[in-house]
1. In the stretch 173-184, is there at least one residue being in a strand (DSSP E or B), under 19 Å from Asp132 (Cβ atoms) and touching a Ser or Thr at 6+ places or on another chain (Cβ under 7 Å)?
2. Using the structure shown, decide if Thr122 is touching a residue at least 60 places away in the same chain (Cβ under 8 Å) and of a type in the set (Val, Ile, Thr).
3. Which residues, counting only those in the stretch 44-68, are open to solvent by 60 Å² or more (accessible area, probe 1.4 Å), over 25 Å from Asp235 (Cβ atoms) and within 19 Å of the chain's Cα centre (by Cα)?
4. With respect to Phe148, determine if the residue is among the aromatic types (Phe, Trp, Tyr) and surrounded by 23 or more Cβ atoms within 10 Å (Cβ to Cβ).
5. Here is a list: Ile229, Ile200, Ile247, Ile206. Which entry is surrounded by 14 or more Cβ atoms within 10 Å (Cβ to Cβ), touching a strand residue (DSSP E or B) at 6+ places or on another chain (Cβ under 8 Å) and closer than 14 Å to Val135 by Cα?
6. Taking the criterion of being at pLDDT below 95, within 24 Å of Ile117 (Cβ to Cβ), assigned to a loop (DSSP other than H, G, I, E, B) and not charged (D, E, K, R), would at least one residue in the stretch 210-230 satisfy it?
7. Do the conditions hold for Arg163, that is, is it within 20 Å of Ala131 (Cβ to Cβ), open to solvent by less than 80 Å² (accessible area, probe 1.4 Å) and basic (Lys, Arg)?
8. With respect to the numbered conditions (1) under 29 Å from Leu248 (Cα atoms); (2) touching a strand residue (DSSP E or B) at 6+ places or on another chain (Cβ under 9 Å); (3) surrounded by fewer than 17 Cβ atoms within 10 Å (Cβ to Cβ); (4) not hydrophobic (A, V, I, L, M, F, W, C), which one is the sole condition not fulfilled by Pro112?
Amino acid sequence: MDSEALQTLLQAVARGEVPPDFALDKIQEIGYEPVGEFAKIDQQRRERTGFPEVIWGQDKTPDQIVRIMMAMGDRQSVVMATRIAPDIYRLIRDRLREVRYYPEARICAIAPDPLPIEYRGTIGIVSAGTADLPVAEEAAVTAELCGFEVFRLWDVGVAGIHRLLSNQHLLKRAHVLIVVAGMEGALPSVVAGLVDAPVIAVPTSIGYGASFGGLAPLLTMLNSCATGIGVVNIDNGFGGAMLAGQILRTGETLTRKMPH
């Protein structure tokens, strides 16, 4: 319900045309749209935060995901669901033929093709090893679906540091870098020492037993001696992309407000 609809409702109450109890029920629905009895879609999230709501697909049934995507698609040009397994995607596509699947990122989406770039600035996604790619691709696809230009730099971990150093020219293209690493998680510290852009570190659960399912790289990243690093949760490529997007949007907002 937008402000004009709310004003119309309140005027109807004042004229005695609408019972207060009915108006109260409508006001309590402001900001979300019920889908069955299992979901309440935050349709105003884009207006509040800059980005629309995204569906967490894991642990939802295909029917729930389809119904939520259909409701969101009425108001959003891009609808995405994360953590979608291939067999779940096939069931979703049986009912939503327009849905696309990004298998490595485990994301399905309804979106324009090609995806438009809506915001200024480039997000670079850097992964330490091939095993980190699902999390790195989750970050990359999320950023692209949100309207950002993205480049990828894969398999440049510290075990072969020359692979990273030979791509410094590419790192310097990015306005924000998302660095994804498991094992000991040292790569974000190295990258942050080479660039003047913010670095978002994403620890992954990849590693031997002493990495404790991603806890070891998480602690390494939190304890980095390099400056300009922010850390998100283990395997949270989506969160890394959203933070990068907020950084770029904030920079754009500040640029518009600066006097010329």
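The values are calculated or read from the model by the stated rules, or taken from the named source; none is laboratory data. Here the structure is a predicted model, which is why all the values come from computation and not from measurement. All Cβ positions, even for glycine, are placed from backbone atoms using ideal geometry, and neighbour counts span all protein chains on display. Remember, those area values only see protein heavy atoms, side chains included, never the ligands or the DNA or RNA. Shrake-Rupley method; radii C 1.70, N 1.55, O 1.52, S 1.80 Å.
1. yes
2. No; evaluated as a whole, the condition is false for this residue.
3. Arg46, Glu47, Arg48
4. yes
5. Ile200
6. No: the stretch 210-230 contains no residue that is at pLDDT below 95, within 24 Å of Ile117 (Cβ to Cβ), assigned to a loop (DSSP other than H, G, I, E, B) and not charged (D, E, K, R).
7. It is true that Arg163 is within 20 Å of Ala131 (Cβ to Cβ), open to solvent by less than 80 Å² (accessible area, probe 1.4 Å) and basic (Lys, Arg).
8. (2)
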